[in-house]
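Q: One structure, pasted below without further comment.
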Amino acid sequence: MKITLLGTGSPLPSVTCAGPSTLVQADNQFILVDAGRSVVPRLLGAGVPLPFVGAVFLTHLHSDHICDLNDVITTRWISSPAATTLPIYGPIGTKKMIDGLLAMLSQDESYRLNHHSDLRAAGGMKVEVHEIEAGHTFSIGEVKISVHATDHRPVAPTIGFRFEHGGVVAALAGDTIPCEGLYEMCQDADFYVQTVIREDQVRALAPLVPTGERFLDIIDYHSTVQQAAQTATKCNVKSLVLTHFVPAIQPGAEGEWHAMAAEHFSGEIVIGPDLTFVEK
């Protein structure tokens, strides 16, 4: 199994970090988890053209995690030799969001259908939405997936995913604070991928930005670096993979983030730029 951090950014625009998105590769399956800003170019950077992506999973419906889903749907459709259905799995509310997204794309779809006979013959965009909840289990090929509740309130519902293949387990949490669903998902995982913030830096930056009070609100519902490391220790994971850095890591400062996590977790800690990957 290979886990690639396609985008390690956050809602804050960055010239170096794409928005939050992670690629899971196992058993010839390519599964996209979240679809943040610039995910399509990052997929190319990972050597995975969009037609190869077999499914999209959404942890929640915050804009930074879904804002380029329209690009995923459209580009996959127009770059595939034959139109295939794109399954999209997400929490309750995903169908309403996708319906609105497809309505937004309908004019562009009509232009392309009018212009390209092969697209007309295939029948237009094909998206299949599955709204899933904690407790659901299913498989894609030989990859077993279980769905777990996370805690990103007031955003609700939010979910994370446990992927299992060939004896390897990867837990992808999305935005959450520590909670029982997170612990269940991460127990004995080989890889635990967690979005994180630096609370000390958020508090230091808040007085310097016009939306400082709103900026402070993110502390309420994101795991800090320390909390992610504590979860990794509690759940006996082998490798902690950090992403969705708030604020963005400054060049040369990776060691500082690593040291903060290492105070609470003695296993492997992975911190890196977009397209960093782990594999087992």
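Q: Does P11 fit the bill of being touching a helix residue (DSSP H, G or I) at 6+ places or on another chain (Cβ under 8 Å) and either surrounded by fewer than 24 Cβ atoms within 10 Å (Cβ to Cβ) or among the hydrophobic types (A, V, I, L, M, F, W, C) (or both)?
A: yes
Q: Can you tell me which residues in the range 156-198 are at pLDDT 95 or above, more than 22 Å from L5 (Cβ to Cβ) and either small (G, A, S) or surrounded by 23 or more Cβ atoms within 10 Å (Cβ to Cβ) (or both)?
A: G167, G181
Q: Sticking with this one: What's the number of the condition R153 fails, among (1) surrounded by 16 or more Cβ atoms within 10 Å (Cβ to Cβ); (2) more than 19 Å from L6 (Cβ to Cβ); (3) touching a Phe, Trp or Tyr at 6+ places or on another chain (Cβ under 9 Å); (4) of a type outside the set (S, T, N, Q)?
A: The one condition R153 does not meet is (1).
Q: Looking at this structure, is V40 closer than 21 Å to F138 by Cβ and β-branched (V, I, T)?
A: Numbers: closer than 21 Å to F138 by Cβ: no; β-branched (V, I, T): yes.
It is false that V40 is closer than 21 Å to F138 by Cβ and β-branched (V, I, T).
Q: Hey, among P251, P247, which residue is at pLDDT below 95 and closer than 15 Å to I197 by Cβ?
A: P247
Q: If I ask for residues that are in a loop (DSSP other than H, G, I, E, B) and more than 13 Å from F30 (Cβ to Cβ), which ones from the range 42-80 would you list? Explain how you work it out, then say what you get.
A: Just the residues of the range 42-80 that are in a loop (DSSP other than H, G, I, E, B), to begin with: 46-49, 53-54, 58-62, 67-68, 79-80.
Listed by number, the residues that qualify are L58, T59, H60, L61, H62, C67, D68, S79, S80.
Q: Which strands (runs of 3 or more DSSP E) does the range 81-149 wholly contain that include 3 or more residues that are surrounded by 14 or more Cβ atoms within 10 Å (Cβ to Cβ), in contact with a strand residue (DSSP E or B) (Cβ under 7 Å, 6 or more places away or on another chain) and of a type in the set (V, I, T)?
A: Answer list for the range 81-149: 143-149.
Q: Further question on the same structure: Restrict the check to the range 124-133 and report whether at least one residue is out of contact with any Lys or Arg (no Cβ under 6 Å at 6 or more places or on another chain), closer than 30 Å to S110 by Cβ, at pLDDT below 95 and charged (D, E, K, R).
A: yes
Q: Also, I was wondering about something else. State which residue pairs qualify: first residue without any contact (Cβ under 8 Å) to a residue 60 or more places away in the chain and inside the range 150-173, second residue surrounded by fewer than 20 Cβ atoms within 10 Å (Cβ to Cβ) and assigned to a loop (DSSP other than H, G, I, E, B) in any location, beta carbons under 6 Å apart, and separation of 6 or more residues or different chains.
A: From the range 150-173, the pairs are V169/D190.
The values are calculated or read from the model by the stated rules, or taken from the named source; none is laboratory data. Owing to the predicted nature of the structure, the values given are computational and were not obtained by experimental measurement. Methodologically, a virtual Cβ is constructed for each residue, glycine included, from the backbone with ideal geometry; neighbour enumeration extends over all protein chains shown.
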